Amino acid sequence: MSRFLPELRPLAPASLPLTDPARAWSVILEHTPEVPGWPRLPRRSFLENPTIQVCEGFPGIIFENDTIYVDDVWERDTLLDKLYIAYLGDDVEHGRIGVEYAACLGRLLAEEGPLWPETVRAVKGQLVGPLSWALQVLDQDGSPILYNENLLDIVAKHLRLKAGWQTQILHRSGVASIVLIEEPLLTSLGLASLPIETERALGLVQDVLEGVPGLKGIHCTYPVDARVFDLPANILSLDVSHSAEPSANGLEALREFVKRGGILVWAIVPADDRIDDTPLEMLADRVRTWLECLAPEEDERRHLVAASLLSTSDGLGGLSEARAELALAVLSALSRTVRSDYGL
């Protein structure tokens, strides 16, 4: 699918607890020099909250105190017509994310933006998924718009344009681009706690993914519904930080995903206070266990290693600066350790 070879390199986290975009980029390039990515900076501004970050341009959207809701004028909002016209014409410029919503991404638009060192092989971006976004945004009656079928269709189109625009910006880097759709609710498919039919949920995620050319994927928690592997994604980022080893019934789908060219991101370094008490060697043992369970034969394992990245279990924006630095240092050291194990 791409000439980009992951080979157990560290992948940049989705967020950092910093306020200065220049410093944030410096930290990212220090710890993830080969696969960096623009981080959200939620402490710089509430606009960099994952949900708020993509609100720009949605019909009828209103911020009120700590609530985001869609006013009942959305059906008459001129933005609705503009959104559909942009969607039908694949005009991703409609999905632009303003600098005030994503300062680090904004630096990629500026002439004085970061100059990539020769080590950089791919650049990553991210976007909250349609299910998660629709669960957190309310309608005028105070219910999540996940329950509103008419608004759900708009959500997918809106986020598709956001993802497409971001991909266009990342392509300017001159290296491979990666966009991950953050959709933890895919772990809850078919459960009563997720009030949406599985096929409808997958269709919304598919619509967003289809707006991203090149390397695109999903970030969620292991294990996932087998039907997730049928989505048009070539990267699957799995939070396995709570799992010492894979469950037997989920192995075959993972194997098939890798065989057909998929990339796996082992999101294994804790992005919470567990980082204080998680020895590097324990994490290295877990990575080895996952790789050996998934690929018991040497040739098969070599292919899996080449198709694997390592990352933190989530963004680091909610941690203290000291803990975030620790998590990044552990991620970098973990990559060096296991790459050495496999002769990289």
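Derivation of every value follows stated rules applied to the coordinates shown; laboratory data play no part. All values reported here derive from a predicted model rather than from experimental measurement. Neighbour counts are summed over all protein chains in view; Cβ atoms, including those assigned to glycine, are modelled from backbone coordinates with ideal geometry.
Here are a few things to note about the model shown:
- Candidates Val175, Val73, Val208: whichever shows maximal mean-square fluctuation once the chain is modelled as a Gaussian network with Cα springs under 10 Å: Val73
- As a length-normalised measure over Cα pairs under 8 Å and 6 or more apart, the relative contact order of region 167-241 settles at 35 percent.
- Theoretical ellipticity at 222 nm over the chain - DSSP helices of four or more residues, -39500 (n - 2.57) apiece, nearest 500: -11500 deg cm²/dmol
- For the chain, share of DSSP beta bridges that run antiparallel, in % to the nearest 5: 15 percent
- Distant alpha-carbon pairs in region 65-156 (separation over 21 angstrom), percent: 50 percent
- Per residue, the average separation of C-alpha pairs within less than 8 Å and at least 6 apart gives region 244-344 a relative contact order of 38 percent.
- A simple charge model with +1 on the Cβ of Lys and Arg, -1 on the Cβ of Asp and Glu and nothing else charged puts the dipole of the chain at about 1020 debye relative to its Cα centre.
- Pairwise Lys count, the chain - Cα closer than 28 Å, eight or more residues apart or different chains: 10
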